[in-house]
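All of the numbers you see were taken from the coordinates with simple rules; none came from a lab. It should be emphasised that the depicted structure is a prediction, and the values quoted were computed from it without experimental measurement. So basically every Cβ, Gly included, is an ideal-geometry build from the backbone, and we count neighbours across all protein chains shown.
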Amino acid sequence: MQQHNFAKAVGAGITGTAVMTMLTFMGPLMGMPEMNIPAMLAGFMGFPVILGWLAHFMIGTVLALFYVYLFIGRLPGAPWLKGLLFGLAPWLLAQVVVNPVMGAGVFAANAPAPVMMVMGSLLGHVVYGAVVGIVYGGGAKQPKLTTQH
């Protein structure tokens, strides 16, 4: 049975969310549209921006817990690749559920620059996932089977 480290998963989620957030704030410098996720969340919920920040980091932490407890043992490859592959799931969820709920439409169809928004979101989510994978690591090591001669 695989052992999981809750505190390490929380730390991986916070770290992955921080890196993703830094990337979204650098996006306009690379020609991407602004994606201020905490402000978007706060505006959607009608809350102050500080609560948008808390929601953003809570979501990133919960997603990392899902990764560790439900997905890490099912994904192939090195920790960074497992995380990157996992990052595709929240990206797809954002495109088909979150964007429409927030008024941007499926795959940001109602946004001013839908392709750039979708690609920026994809980049952010796979970087988030890769960072979560790297910080958490490969999970519990399985004992190696050896044969005696």
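Site pair Ala78 and Phe57 shows an inter-label distance of 3.0 nm when each label is modelled 7 Å from Cα along Cα→Cβ.
Peptides 2-11, 105-114, ordered by how many other C-beta atoms sit within 10 Å of their residues on average, highest first, read 105-114, 2-11.
Can you give the percent of C-alpha pairs in the chain whose distance is more than 21 Å? Don't skip to the end; give the middle numbers.
Values: 5064 of 11026 pairs.
For the chain, the fraction of Cα-Cα distances above 21 Å is 46 percent.
A simple spin-label model places pseudo-atoms 7 Å from Cα toward Cβ; at Ala89 and Val106 they are separated by 2.2 nm.
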